[in-house]
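Participant: Sharing a structure, written as C-alpha cells. Questions coming.
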Amino acid sequence: MLYSEKVMDHFMNPRNVGEIEDPDGVGTVGNIKCGDIMKVYLKITDNGVVEDAKFKTFGCGAAVATSSMATEMIKGKTVGDALQITNKAVMEALDGLPPIKVHCSCLAEEALHAALWDYAQKNHIVIEGLREPVNDVSEHEELYAH
Ligand code: FES
C-alpha cells in the first residue's frame, strides 16, 4: 500500500475543509511544478492562540491529507508553538508519505505559515522564526525536511 491508513483517512474524510469568515490570518500558496494551490484561514484569539483553522485546496490527495492533519495539529497552539508544526511533524503524524509526495506536505506548511504571517502583519507583531512567505513553494523546497 502506497499510503498509510491515516493518510487515506484524512484524504477520504478531510478535517477542517472550508472557509472562516472574517479570519485573523489567511494565506495562499502554490507550487508551480505541480500546479497545486492551498489556502489556509486562521481564527486567533486576543492572546494569540489558534482557535480554528480551515483550508481549501486545489491539490492532490496528499495535499488534502497533510492540510487536514496540519489544521488539526495547529488548533489550540499559540502562534509561536504553531511553527513547530513542520511538514516533517505532519508527515510523522500521518505515518509517513511516499518520497515523491513529500513536497505536498510543504504546501500545507507554507500555507499555514503564510496565514500566520498575515496575522502577524495585521497585528504588527513578530513571530520569531517565521519567514516571509513565497507564492511558489517550489522555490523553498530545499529548506524542508525530507
Ligand atoms: Fe502538488 Fe501534491 S502533487 S501538492
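Participant: Filter the GluC sites (Glu not before Pro) in the stretch 2-46 to those in DSSP coil with at most 15 other Cβ atoms within 10 Å of their Cβ, and list the result.
Facilitator: Working: sites: GLU5, GLU19, GLU21; in loops: GLU19, GLU21.
Of the GluC sites (Glu not before Pro), the ones in loops of the stretch 2-46 whose Cβ has at most 15 other Cβ atoms within 10 Å are GLU19, GLU21.
Participant: Quick check on the exposure proxy: order MET8, MET38 from fewest to most C-beta atoms within 10 angstrom.
Facilitator: By the 10 Å Cβ count, ascending: MET8, MET38.
Participant: Something else: Need the list of lysines near LYS43 for cross-linking: C-alpha distance under 27 angstrom, and skip anything on the same chain fewer than eight residues off.
Facilitator: Within the straight-line limit of under 27 Å, LYS43 reaches these lysines: LYS6, LYS54, LYS56, LYS75, LYS77, LYS88, LYS122.
Participant: Sticking with this one: Around GLU72, under 13 Å between beta carbons, what's the net of Lys plus Arg minus Asp minus Glu among the other residues? Intermediate results must be reported in sequence, preceding the final value.
Facilitator: Working: positive: LYS6, ARG15, LYS54, LYS75, LYS77; negative: ASP9, ASP52.
Value of the local net charge: +3.
Participant: LYS33: which lysines have alpha carbons under 16 Å from its alpha carbon, excluding same-chain residues fewer than 8 sequence positions away?
Facilitator: Partners found: LYS101.
Participant: Still on this structure, I have one more. What's the magnitude of the charge dipole for the chain around its Cα centre, counting Lys and Arg as +1 and Asp and Glu as -1 at the beta-carbon? Answer in Debye, nearest 20. Let's see the in-between values first.
Facilitator: Values: 13 positive and 23 negative charges, 49 e Å.
The dipole magnitude comes to about 240 debye.
Participant: Restricting attention to the alpha-carbon atoms of the stretch 24-113, what are Rg (one decimal) and Dmax (integer), both in Å?
Facilitator: Answer for the stretch 24-113, Rg first and Dmax second: 12.3, 40 Å.
Participant: Which FRET efficiency value, to the nearest 0.05, is calculated for ASN123 and PHE58 with the Förster distance at 30 angstrom and r the Cβ-Cβ distance?
Facilitator: That gives a FRET efficiency of 0.55.
Participant: Fewest first, what order do LEU130, LEU97 take by the number of other Cβ atoms within 10 Å? If you can, show how the numbers build up before the last one.
Facilitator: Details: LEU130 17, LEU97 23.
Fewest to most other Cβ atoms nearby, the residues stand as LEU130, LEU97.
Every number here is computed from the coordinates shown, using simple stated rules; none is lab data. The model shown is predicted, which means the values in this text are computed figures rather than measured ones. Positions of Cβ are backbone-derived with ideal geometry, glycine not excepted, and every protein chain shown enters the neighbour counts.
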